[in-house]
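Student: Take this structure, written in structure tokens, and hold onto it; I'll ask about it next.
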Amino acid sequence: MALLQVNYLSAALFRTVPVNVILPVDRIDFENAAYLTGGPRRFKTLYLLHGLLGNYTDWVSRTRIQLWAEERDLAVVMPSGDNSFYFKGKLPNSDYGAFIGKELPEITRRMFPLSDRREDTFIAGLSMGGYGAIRNGIVYSGTYSHVAGLSAAVHLFENAERNVFDRLLFDDDEAAAKTDLNPRVAYENMLAEKRPEPRFYLACGTQDDLYGVNETYRDFLLSHGADVTWDESDAGHEWDFWDEQIRKVLDWLPL
């Protein structure tokens, strides 16, 4: 399994950004001392987002994603999203939504043998990245066919309890809640515009402070007829849970 670090100039962010890429191109037939020739010409791809205070190295350093991706011939692209919540920020050159939803799939397909088919393109994330995966997976549903949110930080719009950092994200919380930054509004817009609908995998630990808001958002999706798979376990907001869940996500994906 090849693990590459890429640095490229982002048009959406107008700076050089780092990305980790897991690429299953180096599987070896040890008996014949040669590379295996089988497998897809264009790899199915998971775009995998980190949480608040993290970066592009988190998933590789804290979970077994590299092992499990190799077993499944899956490419995994892990960008740095800073503390952006993966949407367009208030400062110039901070359109993290376009970065995740449009630019990153386009540029990585130019760099690597990745499938450009929607049905082969997936997005997932944890906490802040779970919110980013859900919101951008819906807004850019023409790009992503499957969306997984693990312990997703949907509390931004599912209740009024926010910490100091959360409150800095918006000039006006009430106005933001009426836009597609709100995953509910994003989903309703998608339905109204008759865009393709993704399938959802949502999971949260029952000891996680975000458990209730994830249940609420799950129920919202189900009430609109969405295809939702739900999982939970006796866990908090922690890497042991996310390590277990990302394997379940891969089992759920059409690989």
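Student: Among H146, H224, what is the fewest-to-most ranking by other Cβ atoms within 10 Å?
Tutor: Final ranking by Cβ density, sparse to dense: H224, H146.
Student: Here is a follow-up. Taking neighbour counts of Cβ atoms within 10 Å as a proxy for exposure, in what order, fewest first, do W230, W68, W242 appear?
Tutor: Exposure proxy ranking, most exposed first: W230, W68, W242.
Student: With +1 on each Lys and Arg Cβ and -1 on each Asp and Glu Cβ, how big is the dipole of the chain about its Cα centre, in debye rounded to the nearest 20?
Tutor: 1020
Student: What's the center-to-center distance, using Cα atoms, between the stretch 22-78 and the stretch 125-160 in Å?
Tutor: The stretch 22-78 and the stretch 125-160 have Cα centres spaced 22 Å from each other.
Student: Take every DSSP beta bridge whose two residues both sit in the chain, then give the antiparallel share in percent to the nearest 5.
Tutor: 40
Student: While we're here: With a cut-off of at most 12 other beta carbons within 10 Å, and DSSP calling the residue loop, which trypsin sites (Lys or Arg not before Pro) in the stretch 179-255 qualify? Please list them.
Tutor: Passing both the DSSP loop test and the Cβ count: K194.
Student: Order by neighbour count: V154, V76, fewest other Cβ atoms within 10 Å first, most last.
Tutor: Ranking V154, V76 by Cβ neighbours within 10 Å, fewest first, gives V154, V76.
Student: Let me ask you something else. Take the Cα radius of gyration of the chain and divide it by 2.2 N^0.38 Å, with N its residue count; two decimals is plenty.
Tutor: 0.98
Student: Under the rule of -39500 (n - 2.57) per DSSP H run of 4 or more residues, summed and divided by the residues of the chain, what mean residue ellipticity at 222 nm is obtained, to the nearest 500 deg cm²/dmol?
Tutor: -8500 deg cm²/dmol
Student: At most 10 other Cβ atoms within 10 Å and a DSSP loop assignment: could you name the chymotrypsin sites (Phe, Trp or Tyr not before Pro) in the stretch 80-160 that fit?
Tutor: none
Student: How far apart, in nm, are two points set 7 Å out from the Cα along the Cα-to-Cβ line at K194 and at K248?
Tutor: Inter-label distance under the simple model: 3.7 nm.
Student: I'd like to know which of T216, C204, G142 lies farthest towards the positive end of the charge dipole of the chain, counting +1 on Cβ of Lys and Arg and -1 on Cβ of Asp and Glu.
Tutor: It is G142.
Student: Another question, then. So which trypsin sites (Lys or Arg not before Pro) in the stretch 69-140 pass both tests, a DSSP loop state and at most 11 other Cβ atoms within 10 Å of the Cβ?
Tutor: The qualifying sites are K90, R117.
Only the coordinates and a few stated rules stand behind these numbers; no lab work does. Bear in mind that the values here come from a model prediction, so they are computed numbers and not experimental data. Reconstructed Cβ throughout: ideal geometry from the backbone, glycine too, with neighbour counts over all protein chains shown.
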